[in-house]
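In what follows, a structure is listed as structure tokens, so that the remarks can point back to it.
Nothing in this text is a laboratory measurement; each read-out follows from the coordinates by a stated rule. Fair warning: this is a prediction, and the values are worked out from it, not measured in the lab.
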């Protein structure tokens, strides 16, 4: 490897580290059931919180609550992955690098 390639690799590594740090700080909020369930996740797909409105807690219909929570989590993960793809895709030129996306 020549010196120029090493410098470019180091610069890319620094930019990727910065992008990953920004993703960790990113906060994405998603709601399902018209706001009955709210899920907060970061840009690295770490779920930070799940909030459930009292009105939807019905012991007679647990399945509905389970569906709302599952829907919220799936949507939050999808939005987080989309944000990560945009953030890191700009740096990698669209390459799928294992462990980054």
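A few remarks follow.
- Listed values (i) 69, 19, 16; (ii) 39, 11, 8; (iii) 20, 20, 10, entry calculated as semi-axes √(5λ) of the Cα gyration tensor in Å: (ii)
- If you take the Cα centroid of the stretch 74-88 and the Cα centroid of the stretch 2-64, the two points sit 7 Å apart.
- Helix 62-92 and the longest principal axis of the Cα set of the chain meet at an angle near 10°.
- Within a Gaussian network of the chain (alpha carbon springs, distance under 10 Å), most fluctuating of 55, 75, 63: 55
- Dividing the mean sequence gap of close Cα pairs (under 8 Å, 6+ apart) by how many residues the stretch 1-48 holds gives a relative contact order of 27 percent.
- Helix-derived mean residue ellipticity, 222 nm - over the chain, DSSP H n ≥ 4, -39500 (n - 2.57), to 500: -19000 deg cm²/dmol
- Using C-alpha pairs under 8 Å with a sequence gap of at least 6, the mean separation divided by the residue count of the stretch 3-92 gives a relative contact order of 30 percent.
- Between helix 3-25 and the chain: long-axis angle, C-alpha atoms, 0 to 90°, nearest 10: 20 degrees
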